[in-house]
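What follows is a short report on a single structure.
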Amino acid sequence: MTSDVLFIGYSHIECLRRAARETPRAKVTVVNANTVRSKEKGETRPLYQQVLDSLENPAPDVLCLCLGGNQQHAVGMVEHPQPYSVGDAATGVLPEGDDDRWFIPHAVMLDEFRNRLHPHTQLSRRLYKDIPEARHFYLNAPPPMVNWPHIRQHPGIFRSKLYLGPPPDAIKTKLYALQSRVFRELAEEFRAQFVDIPDAVKTPEGFLGDDYYNDDPTHGNDAYGAIVLDRVLDEAGIA
């Protein structure tokens, strides 16, 4: 019997659509919550209800959420006007060689990500609660890109900030790790299985590999989506 797998998220799940159509392993449905969000004046249904009302099958075998993920870019796509560094995860101290940058303690930046991701935590709570019989998963967002020529060519909403230049790679690494930690916490809170991004799409340093860039500064492409979809299906035990 073919398993029914439902992905609900925002822009970071769009890369899964082609792979979802082509995979023989499961019936995969991809729902972008922003796409189903009503534009009607006077709409009173909360977003989670709009998402649930849009589902062809409200009782899938597997529910995988991927909500948020651009918070790392909001604070780290380009160099900040006041260049900053983030404290070490273990001790919270100033990273060596960063004494000329504004220091933000690790715990403070972690709380900032928790606050930024709080709306996604609330939406996740409702979706997991209202689709209780499915096996629950939470997919991490793509790692950051560090190919500055690509970002300059495809800046998206960051075009007006390109003059600030790129931040140090180490900052992007720390921001992604902080964001990923919050997603792990979210998964643990709701007893969902956290699915991390496969090493196959990453550089040795942990950034998104150039072959998996979409034509924008933040998202994975179709090839990325195919590999990530296989990872989720593997984690769900779907052959």
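Structure above, values below:
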read-out: Candidates V75, V182, V201, ranked by Gaussian network fluctuation over the chain, Cα under 10 Å, top entry; value: V75
read-out: Nearest 10 degrees, 0 to 90: helix 169-189 Cα axis against the chain principal axis; value: 30
read-out: Total charge dipole magnitude, the stretch 49-154, about the Cα centre, Cβ charges on Lys, Arg, Asp, Glu only, Debye to nearest 20; value: 300
read-out: Over the stretch 139-208: Kirkwood hydrodynamic radius from C-alpha pairwise inverse distances, Å; value: 13.7
read-out: Unit charges on C-beta of K, R, D, E only; dipole of the stretch 5-78, Debye; value: 140
read-out: Sulfur and carbon atoms: percent of accessible area, the chain [1.4 Å]; value: 49
read-out: In Hz, Karplus ³J(HN,Hα) per residue of the stretch 59-76 (6.51, -1.76, 1.60; θ = phi - 60°; x = Gly, Pro); value: 9, x, 6, 10, 10, 10, 9, 8, 9, x, x, 8, 4, 4, 6, 4, 10, x
read-out: Residue among F137, A187, T203 farthest towards the positive dipole end of the stretch 116-239, charges placed on Cβ; value: A187
read-out: T203 versus R184: modelled label distance in nm, points set 7 Å from Cα along the beta carbon direction; value: 2.3
read-out: Value of [θ]222 nm, deg cm²/dmol, for the chain, DSSP H segments ≥ 4, -39500 (n - 2.57) each, nearest 500; value: -11500 deg cm²/dmol
read-out: Neighbourhood charge, 11 Å Cβ-Cβ cut-off, centred on V228 and excluding it, Lys, Arg +1 and Asp, Glu -1; value: -4
read-out: ³J(HN,Hα) computed for each position of the stretch 128-139 - Karplus, 6.51 cos²θ - 1.76 cosθ + 1.60, integer Hz, glycine/proline x; value: 5, 5, 8, 10, x, 7, 6, 7, 9, 9, 9, 8
read-out: Table column - 3J(HN,Hα) (Hz), the stretch 14-19, Karplus curve with 6.51, -1.76, 1.60, x for Gly and Pro; value: 4, 5, 7, 4, 5, 4
read-out: Whichever aspartates and glutamates have a C-alpha closer than 14 Å to that of K161, once near sequence neighbours (fewer than 8 apart) are set aside; value: E79
read-out: Rounded FRET efficiency, nearest 0.05, which uses the C-beta distance separating A239 from R152 and R0 of 30 Å; value: 0.10
read-out: Accessible area per residue, Å², the chain with all protein chains present, probe 1.4 Å; value: 50
read-out: Choice from Y138, Y176, Y163 with maximal GNM fluctuation in the chain (Cα, 10 Å cutoff); value: Y163
read-out: Residues with amide H under 5 Å from that of Y84, placed H, sequence gap 5 or more; value: W102
read-out: Highest-fluctuation residue, G42, G87, G68 considered, GNM on the chain with Cα pairs under 10 Å; value: G42
read-out: Cut-off under 5 Å, modelled amide H: who pairs with L208 long-range; value: M145, V146, T203
read-out: Degrees separating the helix 222-235 axis from the principal Cα axis of the chain, which is the longest one; value: 70
read-out: Total charge dipole magnitude, the chain, about the Cα centre, Cβ charges on Lys, Arg, Asp, Glu only, Debye to nearest 20; value: 740
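The values are calculated or read from the model by the stated rules, or taken from the named source; none is laboratory data. Predicted model only: the values in this text are computed from it and were never measured. Cβ: placed from backbone, ideal geometry, glycine included. Neighbour counts: every protein chain shown. Keep in mind that these areas ignore ligands, DNA and RNA; they rest on the heavy atoms of the full protein, side chains included. Shrake-Rupley method; radii C 1.70, N 1.55, O 1.52, S 1.80 Å.
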